Amino acid sequence: MGYCFKDLTATCQEDWRRYIEHDFVRALGTGTLDQNAFRCYLQQDYLFLIHFARAYALAAYKSRTLSDLRQAKAGLSTILDTELELHIGFCREWGISETDLAALPEARETLAYTRYVLEAGHRGDLLDLHVALAPCLIGYAEIAAWLNEQPTTVRGAANPFDAWITLYEGPEFQQAMLDEIAWLDARLAEVGPRRFQELSQTFSEATRLEVDFWQMGLDQRG
């Protein structure tokens, strides 16, 4: 019997919940997140997205079929045409210009996660790279859905972070998540136990690095 994406999250369920339900995420939902924490996150996430765009370009290079190439192109387009454009707009609303963004130094947490993903892609194959990317693409979509299920989540003008939730709950990003899960399910169904153990380790480490990225934002408050 083959594996699927849910088997990856099952191997690190505690870390996955810590990521999806992090205090940073909860405060986004309630609208109580310290604004300096969010501003720090916005700036570092811009750099994060630049490197993830590079990772999807690497995925395109590693693709051996037209289907895989289209999947990589879709991921790259989601970042360049949707996330980054909206992200720059978010930053502008929070008083952060594109000039400011271009001059930013990378935080250690940004360096750790983005380089981990790129290294996973360089040392492994296309599946290794997609598994390393999965906590970000799939996780953010799941986070938006989770926030909408919480009775404490505030929507609309009363929440200064509502636009962030709106982006990741939107149909374009949610469809990108579903496409990625379908791609992963098809490939994971073909791997054996030893290979799955390798992939689950990559996924677990990437998830922990996502937790660190949230914590980085919280640590910059005040």
Point to revise | Qualifying trypsin sites (Lys or Arg not before Pro) in the stretch 49-79, DSSP loop, other Cβ atoms within 10 Å at most 11 | key: Arg64
Practice item. Kindly provide the trypsin sites (Lys or Arg not before Pro) of the stretch 129-212 that DSSP labels as loop, not H, G, I, E or B, and whose Cβ sees at most 15 other Cβ atoms within 10 Å. Key: Arg155
Check your understanding: Projected onto the charge dipole of the stretch 5-219 (+1 at Lys/Arg Cβ, -1 at Asp/Glu Cβ, origin at the Cα centre), which of Ser204, Gly156, Ala186 gives the Cα projection farthest towards the positive end?
Key -> Ala186
Revision key, fill the gap. Given backbone amide H placed at 1.01 Å from N, residues whose amide H is under 5 Å from that of Val154, ignoring those fewer than 5 places away on the same chain, are Thr30, Gly31
Practice item. Place a +1 charge on the Cβ of each Lys and Arg in the chain and a -1 charge on the Cβ of each Asp and Glu, then give the dipole magnitude about the Cα centre in debye, rounded to the nearest 20. Key: 380
Check your understanding: In debye, nearest 20: dipole of the stretch 107-222 around its Cα centre with unit charges on the Cβ of K, R (+) and D, E (-)?
Key -> 280
Revision key, fill the gap. Checking the stretch 177-222 for GluC sites (Glu not before Pro) in a loop per DSSP with at most 14 other beta-carbon atoms within 10 Å yields Glu190
Revision key, fill the gap. What the 5 Å binned alpha carbon P(r) of the stretch 5-219 shows, as percent of pairs per bin from 0, is 1, 7, 15, 20, 22, 17, 10, 5, 2, 0
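Only the coordinates and a few stated rules stand behind these numbers; no lab work does. No experiment lies behind these values; they were computed from the predicted model shown. Virtual Cβ from ideal backbone geometry, glycine too; neighbours counted across all protein chains shown.
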